[in-house]
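The values are calculated or read from the model by the stated rules, or taken from the named source; none is laboratory data. Keep in mind the model is a prediction, meaning the values are calculated, not measured. Neighbour counts run over all protein chains shown; Cβ positions are idealised from the backbone, glycine included. Keep in mind that these areas ignore ligands, DNA and RNA; they rest on the heavy atoms of the full protein, side chains included. Shrake-Rupley method; radii C 1.70, N 1.55, O 1.52, S 1.80 Å.
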Amino acid sequence: MPKVFFITGAGSGLGRVAARYLLLKGHRVFLTDYNEAFLEMTCTKHLPSVIPAESLDNFKWSAMDVASNDQVKIAVDKCVKEFGTIDVLINNAGINSQYMRNGIRMDEVPTSDFERILNVNLVGTYRVSQHAIPYLENTPGGGVIINMSSCRATQQSKHGEAYAASKAGIEGLSMAMSVSLGPKIRVHAISPGMVDVRFEREEELLPDVETIRQDLYRDFQSEYAPEWGYGKSEAMHQSHPVGRIGKGEDIAKWIEFLSVTEGGFTTGGTYLVDGGHSKVLSYPN
């Protein structure tokens with residue numbers, strides 16, 4: 001039976017892949033993103049080019065910053081007005097900053113940057129869930145919340161304190177939510193490994209790479225690649241036991257499984273989807 005999905009951070013990247021995948025599977029999707037340009041391009045150009053004409057009424061959208069209580073309420077209300085309910089919430093919106101990419105140690109990073117990332121990634125997940133719960137708990141068969149974590153919740157390179165803390169927090173939050181919201185709502189966390197979705201955005205809407213790097217408050221994942229795997233070495237692919245890095249569809253399939261076909265006896269878990277990379281013992285030569 002088709003479900004109504006509410007997806008945050010759906011204007012580009014993994015959120016856009018998930019929206020497209022679910023629409024092609026016959027579900028209805030409400031897309032939100034704080035980047036209005038990305039969202040509009042996705043909904044007026046990209047999706048109409050890949051979704052069958054008879055399914056174009058199955059998606060609606062609204063600009064929304066997960067850090068704004070008012071904007072979240074407006075978007076949730078609009079989704080319910082358009083589709084009647086919310087069956088599945090995908091808390092996918094997340095940011096990072098160039099402080100990590102530029103290798104700046106935490107004692108030189110303003111605390112405001114740490115707070116900004118947690119406010120979007122972690123508090124934003126909490127905030128959107130609060131507004132969606134009244135609708136999710138009335139879904140026949142039970143509503144579902146899927147919170148997007150990251151392998152960086154348990155593995156880390158240098159200078160990623162804020163992002164790691166936000167994602168580890170999401171995993172703890174998901175566990176607690178599953179206990180508090182059951183049995184009417186099931187809650188899962190998905191922890192992707194290296195998943196290349198750089199091409200799932202419009203190049204013309206991005207500044208040049210040097211401009212991105214110089215803006216310490218810009219999400220460093222906003223860089224662009226023309227196709228999946230572009231610039232990634234064969235060694236990088238082979239460092240994964242499955243023989244390749246991830247694709248957005250690898251995560252989208254887990255989203256549909258946990259929200260539609262899982263069967264209703266799973267909640268509170270975190271699912272690591274990383275091609276086996278975390279299981280490889282690796283020491284410097």
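If a residue has to be open to solvent by 40 Å² or more (accessible area, probe 1.4 Å) and without any contact (Cβ under 8 Å) to a residue 60 or more places away in the chain to count, how many in the stretch 2-34 make the cut?
Of the residues in that region, 4 qualify.
Residues that are small (G, A, S), at least 3 per element: which helices (runs of 4 or more DSSP H) completely within the stretch 12-85 meet that?
13-24
Looking at S157, S166, S150 in this structure, which one is among the hydroxyl-bearing types (S, T, Y) and over 17 Å from S278 (Cβ atoms)?
S166
Which pairs do you get when a residue that is β-branched (V, I, T), found in the stretch 44-66, comes within reach of a residue that is in a loop (DSSP other than H, G, I, E, B) and open to solvent by less than 80 Å² (accessible area, probe 1.4 Å), reach meaning Cβ atoms under 7 angstrom, with the pair 6+ apart or on two chains?
V66/T8; V66/A93
Out of R218, R213, I need the residue that is under 21 Å from L14 (Cα atoms) and either in contact with a Ser or Thr (Cβ under 7 Å, 6 or more places away or on another chain) or open to solvent by 30 Å² or more (accessible area, probe 1.4 Å) (or both). Which one?
Going through R218, R213 in turn, the sole match is R218.
Taking the stretch 36-61, which residues are small (G, A, S) and either out of contact with any helix residue (DSSP H, G or I) (no Cβ under 8 Å at 6 or more places or on another chain) or crowded, with 20+ Cβ neighbours inside 10 Å (or both)?
Result: S49, A53.
Identify, please: which residue in the stretch 245-278 is of a type in the set (S, T, N, Q) and within 14 Å of L22 (Cβ to Cβ) and is, among those, surrounded by the most Cβ atoms within 10 Å (Cβ to Cβ)?
The extreme case among them is S259.
Taking the stated definitions as given, is E204 open to solvent by 80 Å² or more (accessible area, probe 1.4 Å), part of a loop (DSSP other than H, G, I, E, B) and without any contact (Cβ under 8 Å) to a residue 40 or more places away in the chain?
Here the answer is no, as E204 does not meet what is asked.
Of the conditions (1) among the aliphatic types (A, V, I, L, M); (2) at pLDDT below 95; (3) exposed (fewer than 15 other Cβ atoms within 10 Å of the Cβ); (4) in a helix (DSSP H, G or I), V179 clears all except one; give me its number.
Every condition holds for V179 apart from (2).
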